[in-house]
Amino acid sequence: MQNNNHFQKMDVGLMTLINKRSVLELLRSTGKMSRSEISKLSGLTPPTVNRIVKDLISFNLARYSGQAVSNGGRPSVVVEYKSSENLIIGIDLGATYIRGCLVDLEARFLSEIQIPTEIGNGLENIIEKLIETINKLSVRARPNQKIWGVGIGVAGLINYETGVVENSPDFDWKNVNLRELIKSRMNFPFFFDNSTRLMAKGEKELGRYKKESNFAVINVGYGIATGLVVNDSLLHGNKGFTGEIGHIQIQPNSKIKCECGKYGCLEALASGRRIAQMGKERLSLENIHEIKGLAGLKKETITSKIVFKAALAGDRKAQQICEEISDYLALGIGIISNLLNPSKIFIGGGVSLSGDYLFGLIKERKDKYLIGQNNDLEILPTTHGEFATAVGSVSLVLEKIIELDNILESC
């Protein structure tokens, strides 16, 4: 009998949690509604709705907001979702920049920060800059606003079970226990995941095309990786190492070595790092000095952004570089598309910020690598541009709130 009672209690507790999530999701989707409307749409009894609403108010996620218009009976109390008074900090810990944003529960930006990562100064310095960024954002909240937690996107292979960054070629990290390094310095609950996977999560939950069920996000920056959504589910794989398309060897006989140790990987041939390297090798300084806005440029300061700028200004060597890497990226898109048949592929990361020029080059070449049935594939920029990972990190915390996870106990 004790076992039966135990399971019965578990069942009641689980059902209560499910009902609370249902009501919270209704409020989130509509902004506000009367208690009678909640009861009608959720199928819950009015007393149950009343109890759940009181709990959500105690969590600071809802409030009473007047009365609904009566049709002759007793007017019902209106309940409002408190999105603007509840905040989340999202961080993109990238190899070039640390980007952070302070947003409300509708992902409306209240503040943002971008600072150079300066990876050459070592791990400890990166952690200090990360904490500094979070602290600067946190003090920008008003007294009546509550920060629920911090989401962090990290470039690298993160073990989904342990949270250890097992390998990050971008940072040159091996088996870095990021959770242990951060937790003693953090004043908020925090969660982290692979930066590109969070790009896809942000696109799915807070993006322009969140109703899409099958899509991929390709992060083309210092490296190249992919976040995959298949049948509405974000793929993690066995340990969380899915999406490493940058380490598919597309030219096994290439002499260009990848950070992973192999030769001819997509990342080695088409990342922002490679574009900058090609620029330093091929662009004539004499020619670059003739390009408006690049006068006084030194070879060591050439970046992928400068290569694209030179290409747009008409430099033929820069244009040839862009054409070459766009063909490699079109090949990568072909691999993803022919394997998973997504409806859309979003491109994010620093290289994607070159705008229509790069997208135009890729679209010209994509059909070379797609089977005919996939020719309707759309290739688009990520919804949130350079803050795509930071917004994805926000969705990591938002998910905990909406699911009424244990985050509530530590806030």
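The values are calculated or read from the model by the stated rules, or taken from the named source; none is laboratory data. These figures come from a predicted structure and were not determined experimentally. All Cβ positions, even for glycine, are placed from backbone atoms using ideal geometry, and neighbour counts span all protein chains on display. Note: areas computed on protein heavy atoms with side chains; ligands, DNA, RNA excluded. Shrake-Rupley method; radii C 1.70, N 1.55, O 1.52, S 1.80 Å.
Couple of notes before you dig in:
- Among (1) of a type in the set (Val, Ile, Thr); (2) in a helix (DSSP H, G or I); (3) at pLDDT 90 or above, the one test that residue 379 misses: (2)
- Single condition residue 128 does not satisfy, out of (1) open to solvent by 70 Å² or more (accessible area, probe 1.4 Å); (2) outside any helix (DSSP H, G or I); (3) within 16 Å of residue 182 (Cα to Cα): (2)
- Unique match (being among the small types (Gly, Ala, Ser) and without any contact (Cβ under 8 Å) to a residue 40 or more places away in the chain) among 151, 122, 100: 122
- Count - residues of the stretch 75-91 that are at pLDDT 95 or above and either open to solvent by 20 Å² or more (accessible area, probe 1.4 Å) or of a type in the set (Gly, Ala, Ser) (or both): 1
- Residues located in the stretch 102-155, provided they are of a type in the set (D, E, K, R) and closer than 30 Å to residue 25 by Cα: 104, 106, 108, 112, 140, 142, 146
- Residue within the stretch 39-56 that is under 24 Å from residue 395 (Cβ atoms) and either at pLDDT below 90 or in a strand (DSSP E or B) (or both) present: no
- Sub-8 Å Cβ pairs linking a first residue in the stretch 311-340 that is farther than 15 Å from residue 272 by Cα to a second residue that is surrounded by fewer than 17 Cβ atoms within 10 Å (Cβ to Cβ) and among the polar types (S, T, N, Q), at least 6 apart or interchain, are 315/287; 317/284; 317/287; 340/214, ordered by first then second residue.
- Filtered by the rule that a residue be surrounded by 16 or more Cβ atoms within 10 Å (Cβ to Cβ) and at positive phi, the stretch 320-362 gives a lone residue, 349.
- Elements of type strands (runs of 3 or more DSSP E) in the stretch 168-263, at least 3 residues being farther than 15 Å from residue 344 by Cα and open to solvent by less than 40 Å² (accessible area, probe 1.4 Å): 190-194
- Members of the stretch 148-163 that are surrounded by fewer than 20 Cβ atoms within 10 Å (Cβ to Cβ) and among the β-branched types (Val, Ile, Thr): 162
- Residue 353 meets the stated requirement of being hydrophobic (A, V, I, L, M, F, W, C) and at pLDDT below 85.
- Residue 281 satisfies every condition listed in (1) assigned to a helix (DSSP H, G or I); (2) open to solvent by less than 60 Å² (accessible area, probe 1.4 Å); (3) at pLDDT below 90 except (2).
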